[in-house]
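Everything on this sheet refers to the single structure shown next.
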Amino acid sequence: MIGRQNEDRSNFTNNKVILLWNTFYQNRHFGAGAFGQEPFRRNKCKVNTCSLETDRRFLINATAVVFHIRNKMTPFPSHVNSRQLFVYFLREAPPATYGNSPRYRTRFNVTMTYRSDSDIPVPISRYVKRTEVTRRKYTLKYRLSDKTGYVVWLVSHCRTSSKREQYVSSLAKYIPVDVYGACGKYNCSTNIVCMTSFERKYKFYLSFENSYCRDYVTEKYYKTLKYEIIPIVYGRANYSKLGLPNSYVNILDYRSPKHLARHLKFLSRNETAYVTYFQTRRLWKSVNVLGKAFCDLCELVHNESFRRIYSDVHKWWITDACDLNTVKNVIASATE
């Protein structure tokens, strides 16, 4: 049994128990930040009468049980009663989904994934508008003329279902692309060290997803927003809704890598146009996505009228999720 000992449970019986059955990789609290009632207080949840638990002995009292589909889930429990909710938690794309999803396809009541059609969406990041912002024109920290490199890519997976590596190979014929990591000839130590170095030297960063699947956007895009470098995105998501407006270049807006390279070269020699990609960043701020997700789950478990059983949650997860036709078209454009 995994649990916490010697804590104040004076109000325990007044709260809905949300039991975390396994771990979110090595994260025992699934990114909620704490256990017990603290996550719901800390995140200022509208409904905060919940308790986040890890001890499986609380299964009999749990209103909801959360399972990270990528981690070990055995022994998999049965519902204690018809009102108990089993939550399907996943933040990886379908091509990276392991065998747990089809194995337990009929056992879930709630979906909690990065997809916007989930019962509780949990994207990698989320931005909201600031209430007080400065309207002054953005000034570059590093002069554009001092950025001697054009495009940089930090990547560890060299063969992917999105075929991004083929597009990059074509793009490099028209504009220099420096590749760092396992798939390139350059190295740097950590993400922070890499990105700090990149923003000084390079004008653009390739934020290409390894899977071209609905709503799938990872930290490859979001991490660049902290740095003075323009992300170039490739993914099956509405970036205008998920990210910051006017902060990125989308390869799907260009007929081919050749046409994209032409636009990047234009931006590289036009500081007025280049700086517009940073102007709106100060108008937005990131929020604690996982904290909000558990707020939403707490509110859901208090909804006595909520009833759902997915007859096949795995089918929901994979059907039409990934668009291989667009991938084929993108790669075909790379041969022009």
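The values are calculated or read from the model by the stated rules, or taken from the named source; none is laboratory data. None of the values given here were measured: they were computed from a predicted structure. Heads up, the Cβs are rebuilt from the backbone with ideal geometry, glycines too, and the neighbour counts pull from every protein chain shown.
Some notes on this structure:
- Scanning the stretch 184-201 for residues that are in contact (Cβ under 8 Å) with a residue 40 or more places away in the chain, surrounded by fewer than 23 Cβ atoms within 10 Å (Cβ to Cβ) and touching a strand residue (DSSP E or B) at 6+ places or on another chain (Cβ under 6 Å), we see that the one that is farthest from Lys163 (Cα to Cα) is Lys201.
- Val275 vs. criteria in contact (Cβ under 8 Å) with a residue 24 or more places away in the chain, β-branched (Val, Ile, Thr) and more than 22 Å from Leu171 (Cα to Cα): yes
- Residues in the stretch 294-333 that are touching a Pro at 6+ places or on another chain (Cβ under 8 Å) and outside any loop (DSSP other than H, G, I, E, B): Phe294, His314, Trp317, Ile318, Cys322, Ser333.
- Hits in the stretch 287-335 (condition: touching a Cys at 6+ places or on another chain (Cβ under 6 Å) and farther than 24 Å from Leu85 by Cα): Ala321, Cys322
- The set of residues from the stretch 244-287 being in a loop (DSSP other than H, G, I, E, B), within 25 Å of the chain's Cα centre (by Cα) and buried (at least 16 other Cβ atoms within 10 Å of the Cβ) comprises Leu244, Ser247, Tyr248, Tyr254.
- Of all residues in the stretch 214-238, those satisfying the criterion of being of a type outside the set (Val, Ile, Thr) and under 17 Å from Val327 (Cα atoms) are Arg214, Asp215, Tyr216, Tyr234, Gly235, Arg236, Ala237, Asn238.
- Residue count for the stretch 62-80, restricted to those that are among the aromatic types (Phe, Trp, Tyr) and either over 14 Å from Leu297 (Cβ atoms) or surrounded by fewer than 16 Cβ atoms within 10 Å (Cβ to Cβ) (or both): 1.
- Enumeration of residues in the stretch 19-43 that are of a type in the set (A, V, I, L, M, F, W, C) and touching a helix residue (DSSP H, G or I) at 6+ places or on another chain (Cβ under 6 Å): Leu19, Ala32, Phe40
- Sole exception among (1) surrounded by 16 or more Cβ atoms within 10 Å (Cβ to Cβ); (2) out of contact with any Ser or Thr (no Cβ under 7 Å at 6 or more places or on another chain); (3) within 30 Å of Thr160 (Cα to Cα); (4) not small (Gly, Ala, Ser) for Pro95, by number: (2)
- Scan the stretch 36-55 for residues that are assigned to a loop (DSSP other than H, G, I, E, B), buried (at least 16 other Cβ atoms within 10 Å of the Cβ) and within 23 Å of the chain's Cα centre (by Cα) and the total you get is 2.
- Restricting Phe40, Phe58, Phe86 to residues that are modelled with pLDDT of 95 or more, of a type outside the set (Gly, Ala, Ser) and within 19 Å of Asp312 (Cα to Cα) narrows the list to Phe86.
- Leading residue by the ranking (farthest from Lys163 (Cα to Cα)) among those in the stretch 317-331 that are surrounded by fewer than 18 Cβ atoms within 10 Å (Cβ to Cβ) and in contact with a Ser or Thr (Cβ under 9 Å, 6 or more places away or on another chain): Ile318
- Lone unmet requirement of (1) of a type outside the set (Val, Ile, Thr); (2) touching a Lys or Arg at 6+ places or on another chain (Cβ under 8 Å); (3) surrounded by fewer than 17 Cβ atoms within 10 Å (Cβ to Cβ) for Arg83: (2)
- Failed criterion for Thr139 (all others in (1) surrounded by fewer than 13 Cβ atoms within 10 Å (Cβ to Cβ); (2) in contact with a strand residue (DSSP E or B) (Cβ under 7 Å, 6 or more places away or on another chain); (3) not hydrophobic (A, V, I, L, M, F, W, C) hold): (2)
- Scan of the stretch 83-136 for residues that are out of contact with any strand residue (DSSP E or B) (no Cβ under 7 Å at 6 or more places or on another chain), closer than 21 Å to Thr218 by Cα and of a type in the set (Gly, Ala, Ser), ordered by number: Ala96, Ser101, Ser116
- The sole residue among Phe58, Phe108, Phe76, Phe67 that is in a loop (DSSP other than H, G, I, E, B) and touching a residue at least 40 places away in the same chain (Cβ under 8 Å) is Phe108.
- As a summary of the residue check, Leu140 satisfies the conditions (1) within 30 Å of Val65 (Cα to Cα); (2) modelled with pLDDT under 95; (3) in contact with a helix residue (DSSP H, G or I) (Cβ under 8 Å, 6 or more places away or on another chain); (4) aliphatic (A, V, I, L, M) except for the one numbered (1).
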